[in-house]
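Novice: Sharing a structure here in structure tokens format.
The values are calculated or read from the model by the stated rules, or taken from the named source; none is laboratory data. Bear in mind the structure is a predicted one, so any value in this text is a computation, not a measurement. Cβ placement follows ideal geometry from the backbone for every residue including glycine, while neighbour counts extend to all protein chains displayed. Quick note on the areas: whole protein, heavy atoms, side chains included, nothing else; ligands and nucleic acids left out. Shrake-Rupley method; radii C 1.70, N 1.55, O 1.52, S 1.80 Å.
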Amino acid sequence: MTDAPIDLVAFDLDDTLAPSKSPLPPQVAQLLTALLERTQVCVISGGQYQQFRDQVLERLDLDDDAARRLHLMPTCGTQYFTWDGETFTTVYARTLTADERDRAMRALEEQAKALGLWETETWGPVLEDRGSQITFSALGQAAPVDAKAAWDPTGERKGRLRDAVAALLPDLEVRSGGSTSVDITRRGVDKAYGMKALEEQTGVPLANMVFVGDRLDEGGNDRPVLDLGVRCHAVGGWEDTADYLAETLIPYLDSARS
């Protein structure tokens, strides 16, 4: 670890804290609760707030102090939620205009069909309006983890869709999201945007943060955080995150406090 203080730890959600669209494993929930006893924590992901609630909040047993140390940033930080003493409430939401939303959804559907990527048998809707983000999920939002992993193991299919849609929407940000998804937000919005907003909202300098994610590789949706200069730790799944928390991060924080 580094000698620089760690005042906040931020995490990607899917395939970092939990399998895609799945609840926190009990081991991770326990370790995340322990981490919240020691420092501030943020979860930042492309998913919407309901996903955060179902996957994270319903799996954590937090007292008021711990809840106040938890920051939630759905849709890559275009939305921000904090604890007000009774519930998690919206601090801000950078909502797309009706025109931006309509053009994004139309371009995604047209290009997915043109590229042969529009599946007819899915687990839920393929297109989702998340307010501040439009998301294409090739197999639907509720698709099983195994099916999503098999659909595009190299990322080539969603990469082609991203490139085709980006060419039609130069005023918007189009990027690869999760294992089968493409996300569209306002221009310049990615996880680096969210981390800078987190710095502004909390007063914690980026230099005093650590980010944990599974897609820090070139082109990955966590990579902008690394390029921003934030200290990052790469994981290959929630098991790696659990090991990092139990064996490295929590012991380091304990030693720093002693």
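Novice: Please list, short to long, the whole-number percent of alpha-carbon pairs of region 176-233 in consecutive 10 angstrom bins beginning at zero.
Specialist: With a bin width of 10 Å, the distribution comes to 22, 53, 23, 1.
Novice: Something else about it: Which of the GluC sites (Glu not before Pro) found in region 29-132 are in a DSSP loop and have at most 14 neighbouring Cβ atoms, other than their own, within 10 Å?
Specialist: On the way: sites: GLU37, GLU58, GLU86, GLU100, GLU109, GLU110, GLU119, GLU121, GLU128; in loops: GLU37, GLU86, GLU119, GLU121.
For GluC sites (Glu not before Pro) across region 29-132 that sit outside H, G, I, E and B with at most 14 neighbouring Cβ atoms in 10 Å, the list reads GLU37, GLU86, GLU121.
Novice: Same structure, new question: Starting from the 7 Å offset along Cα-to-Cβ, what nm value, one decimal, do you get for the label separation of ASP99 and SER22?
Specialist: 4.4 nm
Novice: Still on this structure: Given a 1.4 Å probe and every protein chain left where it sits, what share in percent of the accessible area of region 162-206 is carbon and sulfur?
Specialist: Answer for region 162-206: carbon and sulfur cover 48 percent of the accessible area.
Novice: Just to be sure I understand the curve: with the Debye formula and one point per C-alpha of region 104-216, what is log10 I(q)/I(0) at q = 0.14, 0.21 Å⁻¹?
Specialist: Result of the Debye calculation: -0.62, -1.14.
Novice: With angles folded into 0 to 90 degrees, how steeply does helix 156-168 sit against the dominant principal axis of the chain? Use alpha carbons for both and round to 10.
Specialist: 70 degrees
Novice: I'm checking a number: the convex hull volume of the Cα atoms of region 93-151, normalised per residue, in Å³. What is it?
Specialist: Values: hull volume 5.0 nm³, N = 59.
Spelled out: Cα convex hull of region 93-151, divided by residues, is 85 Å³.
Novice: Along each principal axis of its Cα atoms, how long is region 136-187 end to end? Whole angstroms, biggest number first, please.
Specialist: 34, 19, 11
Novice: Now for a different question. Measure of size requested: the Rg and Dmax of region 197-258, with Cα atoms as the atom set and Å as the unit; please supply both.
Specialist: In Å, with Rg to one decimal and Dmax whole: 12.9, 40.
Novice: Continuing with the same structure: Provide the per residue accessible area, probe 1.4 Å, for region 106-250, rounded to a whole number of square angstrom. Could the numbers behind the result be given before it?
Specialist: Values: 6220 Å² over 145 residues.
Result: 43 Å² of accessible area for each residue.
Novice: Give me the percent of Cα-Cα pairs in region 65-133 that sit more than 15 Å apart, rounded to a whole number. Don't jump to the answer; show the numbers that get you there.
Specialist: Numbers: 1528 of 2346 pairs.
Considering region 65-133, 65 percent of its Cα-Cα pairs are separated by more than 15 Å.
Novice: Turning to a different aspect of this structure: Considering only the other residues whose Cβ falls under 15 Å of the Cβ of GLY124, what net charge follows from Lys and Arg at +1 and Asp and Glu at -1?
Specialist: On the way: positive: LYS21, ARG130, LYS148; negative: ASP54, GLU119, GLU121, GLU128, ASP129.
Within the 15 Å Cβ shell, the charges total -2.
Novice: Same structure again: In bins 5 Å wide, starting from 0, what share of all Cα pairs of region 1-144 does each bin hold, as a percent?
Specialist: Binned Cα distances yield the sequence 2, 9, 16, 19, 18, 14, 10, 7, 4, 2, 0.
Novice: Have a look at LEU62, LEU96, LEU206 and tell me which one the Gaussian network model of the chain (Cα, springs below 10 Å) gives the largest fluctuation.
Specialist: Evaluated over the chain, the most mobile residue of the options is LEU62.
Novice: If you only keep lysine pairs separated by 8 or more in sequence, or across chains, how many in the chain come under 23 Å at the Cα atoms? Numbers along the way, then the final one.
Specialist: Numbers: LYS21/LYS148; LYS21/LYS158; LYS21/LYS191; LYS113/LYS148; LYS113/LYS158; LYS148/LYS158; LYS148/LYS191; LYS158/LYS191.
Close lysine pairs found across the chain: 8.
Novice: What does the net charge come to around VAL230 if you take all other residues with beta carbon closer than 15 Å to its beta carbon, with K and R at +1 and D and E at -1?
Specialist: Details: positive: LYS191, LYS196, ARG215, ARG223, ARG231; negative: ASP7, ASP12, ASP190, GLU199, GLU200, ASP222, ASP227.
Value of the local net charge: -2.
Novice: For helix 26-36, report the angle its Cα long axis makes with the longest principal axis of the Cα atoms of the chain; keep it between 0 and 90° and round to the nearest 10°.
Specialist: Computed tilt is about 60 degrees.
Novice: Which value results when the Cα radius of gyration for region 10-80 is divided by 2.2 N^0.38 Å?
Specialist: Details: Rg = 10.9 Å, N = 71, 2.2 N^0.38 = 11.1 Å.
Computed over Cα atoms of region 10-80, the ratio equals 0.98.
Novice: If I build a Gaussian network model for the chain, linking alpha-carbon pairs within less than 10 angstrom, which residue out of TYR49, TYR80, TYR244 has the largest mean-square fluctuation?
Specialist: Per the Cα network of the chain with a 10 Å cutoff, TYR244 tops the list.
Novice: What is the sum of charges around GLU247, taking Lys and Arg as +1, Asp and Glu as -1, for the other residues whose C-beta is under 13 Å from the C-beta of GLU247? Walk me through the numbers on the way to the answer.
Specialist: Working: positive: none; negative: GLU239, ASP240, ASP243, ASP254.
Residues close to GLU247 contribute a combined charge of -4.
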